[in-house]
Amino acid sequence: MAQMQPRKAKSDIREDRDNPLPSTVFTFSDKDINAGKEVTMAIKWRADAVPTTPLEFFEQEHNYRFTVSEKNFLEKKIIKDITVYKP
């Protein structure tokens, strides 16, 4: 992720104690995260029980802009799968 700079990120946060953060979607433009037709990278995370409260706050506070705070939170997660696509 050091060479690819995501502009927006939206996480799939769930009420599951064993896997509260199954995935995160990243886009590489400043368009709305739900705009579609953008190159998108979806990362599925390995299940863990780390609370997602900080990530929820960061996403809401920054309107899904990918900031250093999100980067610092997510860089500790273990990647299960990566998919890059353009809808």
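The values are calculated or read from the model by the stated rules, or taken from the named source; none is laboratory data. From a predicted model like this one, the values you see are computed outputs, not experimental measurements. FYI the Cβ positions are ideal-geometry reconstructions off the backbone, even for glycines, and counts take in every protein chain you see. These area figures cover heavy atoms from the full protein model, side chains too; ligands, DNA and RNA do not enter into them. Shrake-Rupley method; radii C 1.70, N 1.55, O 1.52, S 1.80 Å.
Using beta carbons and a limit of 9 Å, which pairs, at least six apart or on different chains, have the first residue in the stretch 13-32 and assigned to a strand (DSSP E or B) and the second one surrounded by fewer than 18 Cβ atoms within 10 Å (Cβ to Cβ) and among the β-branched types (V, I, T)?
T27/V39
How many residues does the stretch 38-84 hold that are of a type in the set (D, E, K, R) and under 17 Å from D12 (Cβ atoms)? Show your work before the answer.
Taking the stretch 38-84 first, the residues of a type in the set (D, E, K, R) are 38, 44, 46, 48, 56, 59, 61, 65, 70-71, 75-77, 80-81.
Adding the requirement that they be under 17 Å from D12 (Cβ atoms) leaves 44, 46, 48, 56, 59, 70, 77, 80-81.
Here the count works out to 9.
In this structure, does K44 turn out to be of a type in the set (D, E, K, R), open to solvent by 20 Å² or more (accessible area, probe 1.4 Å), touching a helix residue (DSSP H, G or I) at 6+ places or on another chain (Cβ under 9 Å) and not in a loop (DSSP other than H, G, I, E, B)? Don't jump to the end; show me each part of the working.
Details: of a type in the set (D, E, K, R): yes; open to solvent by 20 Å² or more (accessible area, probe 1.4 Å): yes; touching a helix residue (DSSP H, G or I) at 6+ places or on another chain (Cβ under 9 Å): no; not in a loop (DSSP other than H, G, I, E, B): yes.
Judged against the criteria, K44 is not a match.
Among the residues of the stretch 4-22, write down those that are open to solvent by 20 Å² or more (accessible area, probe 1.4 Å) and not charged (D, E, K, R).
Passing the criteria: M4, Q5, I13, N19, P22.
Which residue pairs have Cβ atoms under 6 Å apart, sit 6 or more places apart or on different chains, and have a first residue in the stretch 69-87 that is in contact (Cβ under 8 Å) with a residue 40 or more places away in the chain and at negative phi and a second that is assigned to a strand (DSSP E or B) and not polar (S, T, N, Q)?
Once the first residue is in contact (Cβ under 8 Å) with a residue 40 or more places away in the chain and at negative phi and sits in the stretch 69-87, its partners that are assigned to a strand (DSSP E or B) and not polar (S, T, N, Q) give E70/A9; K77/W45; I82/I43; T83/A42; V84/M41.
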